[in-house]
Structure formats: C-alpha cells, structure tokens
Amino acid sequence: MSQHRLPDLPYAEDALAPHISAETLGLHHGKHHATYVDKLNNLIEGTDFADKPLTNIIVEADGGIFNNGAQAWNHAFYWHCLSPDGGGNPEGELATRIGRDFGTTDALREQFSKALTTLFGSGWVWLALDPSGKLVIESRSNAGNPLRDGLLPILTCDMWEHAYYVDYRNRKQAYVDAFWKLVNWRFAAENVARGKPFQVQ
C-alpha cells in the first residue's frame, strides 16, 4: 500500500444537482481530495507509514502526514454520506438507536445542524458511536476525525468552505439544508452494522 489513490465518486459528478453542483464536485473531489492524496503519498514515502492504511495514519500520525491522511479518509467517507437517492428518515436499527439517544430523528437533525452552522472555521461534524455504543455528535476542526479518540464514524458533513462556496457562498444554512436532502442513511446504517471503520479502497 505504498501509494494511496483517489477513489472514484460513488455517483456521477452531476448526480447531486441541484443541491450540490457538478462544478462543486469536480473541484472538491478532482482537485481538493486529489491533492490530499498526492501530498500524503509524497510525505509517507520512506517512512513507517508508507504501507499503513489511512485508518492507522489517522490514529498514529501527526503533522502533515496526519492532516493529509485524515483529509483523504474524511473525503472518501463523506462522498458515501451523500446520495442522489438520499434524504428522508433512517429506518430499522439505526432509527431505533437515534430514537434511544436523541429522542427523534428531527432532534438529531436539529442538534447536528446547529453543530454544523456554529463550527468556527474549517472542519467536520460527525455522528459517531462512542465505546459504549451510544450515538454522539462530534465537531472537529480542520482534518479532525473521531477515530483518533476511539469513536466510530457513522456519518459526516464537510464544513470546509470548498464544500459549499461555489453553490452557496457564505450561506451555511442553505448548504446544511441541502445536506439533509442528500444524506445517505443507508450508508450510516451499514457503518453501525459493520461496527468497524470504513475502509477506503
């Protein structure tokens, strides 16, 4: 695994329009995400991280290797958190857990949305499982990832400006509203059922 690669999007660049445009996906995936992968490959060459998966890099690395490795994983995960067939409400076990830990799906949306719109600067907001199996909302600045703190990521939304500025300028709430119309509850449920970190292929 000496070279990490940019994974393909799980849908066409225009598949999330009008909520997220093809232009945004082209720049976000084809430029920003690709740059993180390229920088990571350059940084890990000849180091102990050269043959380690991204999940190990997130937990073990610091500095530039952590920043680029975490961003490579965060983005690969984020693409799957969106779907052209997304939106609506979760079902099954995930819905049961959300009801247990937040009361209702609407309560989860409200708390998650508040975390997104109040996050200062660039970063990510995560729905994660803590070691006891409880669903929690976690905000992280920059490349932060809850794997580093022993939590299991279930769902995320990217709050770096490049995720929304082409489509929404500084209107964070409009981007957050769009996120809920695309959210991939099925992927979130798969992460709960898997019980271990998503593996970037």
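The values are calculated or read from the model by the stated rules, or taken from the named source; none is laboratory data. Everything numeric in this text was worked out from a predicted model, so none of it was measured. Here the Cβ is made from the backbone with ideal geometry for all residues, glycine too, and neighbour counts use every protein chain on show.
Within the bounds of the stretch 177-193, is there any residue that is closer than 23 Å to His4 by Cβ, of a type in the set (S, T, N, Q) and out of contact with any helix residue (DSSP H, G or I) (no Cβ under 7 Å at 6 or more places or on another chain)?
Scanning the stretch 177-193, I find at least one residue that is closer than 23 Å to His4 by Cβ, of a type in the set (S, T, N, Q) and out of contact with any helix residue (DSSP H, G or I) (no Cβ under 7 Å at 6 or more places or on another chain), so the answer is yes.
Which members of the stretch 161-194 meet the condition of being free of Cβ contacts under 8 Å to residues at least 60 places away in the same chain and either more than 21 Å from Ser122 (Cβ to Cβ) or not in a helix (DSSP H, G or I) (or both)?
Arg169, Asn170, Arg171, Glu190, Asn191, Arg194, listed by residue number.
Give me the residue from the stretch 147-160 that is over 12 Å from the mean Cα position of the chain (by Cα) and either part of a loop (DSSP other than H, G, I, E, B) or among the small types (Gly, Ala, Ser) (or both) and, out of that set, surrounded by the fewest Cβ atoms within 10 Å (Cβ to Cβ).
Here the residue is Gly150.
Considering only residues that are of a type in the set (S, T, N, Q) and either in contact (Cβ under 8 Å) with a residue 40 or more places away in the chain or farther than 15 Å from His162 by Cβ (or both), which ones fall in the stretch 1-49?
Ser2, Gln3, Ser21, Thr24, Asn41, Asn42, Thr47
Restricting to the stretch 72-97, and then to whatever is among the charged types (D, E, K, R) and over 30 Å from Val37 (Cβ atoms), can you tell me which residue is surrounded by the most Cβ atoms within 10 Å (Cβ to Cβ)?
Only one residue tops the list, namely Arg97.
Show the residue pairs meeting these rules: Cβ distance below 6 Å; 6+ apart or different chains; first residue within the stretch 102-122 and farther than 21 Å from Ala188 by Cα; second residue among the aliphatic types (A, V, I, L, M) and in a loop (DSSP other than H, G, I, E, B).
That search, which allows pairs on different chains as well, returns Leu119/Met159.
This table checks each residue for (1) buried (at least 19 other Cβ atoms within 10 Å of the Cβ); (2) under 15 Å from Leu94 (Cβ atoms).
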{"position": "Gly133", "(1), (2)": "no, yes"}
{"position": "Ser139", "(1), (2)": "no, no"}
{"position": "Asn145", "(1), (2)": "yes, no"}
{"position": "Gln173", "(1), (2)": "no, no"}
{"position": "Val176", "(1), (2)": "yes, no"}
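Working carefully through the options Asp51, Asp8, Asp14, find the one that is modelled with pLDDT under 95 and not in a helix (DSSP H, G or I).
Asp51
Would you point out the residue of the stretch 98-112, among those that are surrounded by 19 or more Cβ atoms within 10 Å (Cβ to Cβ) and of a type outside the set (Val, Ile, Thr), that is nearest to Lys134 (Cα to Cα)?
Checked the stretch 98-112; the qualifying residue nearest to Lys134 (Cα to Cα) is Phe102.
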